[in-house]
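First up is the structure itself, then whatever we jot down about it.
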Amino acid sequence: MTQSEFEAIAIQLRTVAHGVARQILSSADDAEDAAGDVMLRLWTLHAQLKDDDHALKLATVISQRLSIDIIRKQKKRISIFADAGEGLAQKAGQESSPSERMELEEDERWLVRQMEKLPPRELQVLKMRQMEHRSNKEIARLLGIGEASVKVMLSNARKKLFNDIKMRNRQ
């Protein structure tokens, strides 16, 4: 399946993925997350997809399995920095004093907590932009949403984190 063929069916794939996830998951936000993840996985596989029917069936299966994974992982939070590699304190290494490393570790934990407070969709868009270095256009295409929506979600997420940082620094 070519990129243009995938883009043409993306909204339909997202609708199917969201519908399946919504049946399994109790949270609409979790269903949105699952649908977004399905779209990402399908995008990585788009060259191997034979036709629209194959893509729709695969979207259903992936959505079911991701939804089950989400249920399993709900009790266990995964660090936002797991995908990014080393944390701030690890990057500081031997160059900084133990107290500086401890401060960096605390700052990192605080930032993770603040990011986890973001709405799931904003967090997903922020991660795709900041950690995966994807363009707004690419994020919009992969998630099956408008580019303007990506810009708004990204702006809102950054604004919330910036305000949280300002409030923390005032204390």
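The values are calculated or read from the model by the stated rules, or taken from the named source; none is laboratory data. All figures in this text were calculated on a predicted structure; none of them were measured in a lab. When we count neighbours, we look across all protein chains shown, and the Cβ atoms used for this are built from the backbone with ideal geometry, even at glycine.
Applying the condition of being buried (at least 19 other Cβ atoms within 10 Å of the Cβ) and of a type in the set (Val, Ile, Thr) to region 97-147 and asking which residue is nearest to residue 46 (Cα to Cα) yields 139. No other residue among 130, 74, 114, 64 is at pLDDT below 85 and of a type in the set (S, T, N, Q) apart from 74. Of the candidates 138, 103, the single residue that is among the acidic types (Asp, Glu), under 16 Å from residue 39 (Cα atoms) and not assigned by TED's automatic domain parsing to the domain that holds residue 17 is 138. Each residue in region 153-171 was checked for being under 20 Å from residue 32 (Cα atoms) and surrounded by fewer than 14 Cβ atoms within 10 Å (Cβ to Cβ), and 1 pass. Of the residues 104, 13, 40, the single one that is under 27 Å from residue 130 (Cβ atoms), of a type in the set (A, V, I, L, M, F, W, C) and at pLDDT below 90 is 104.
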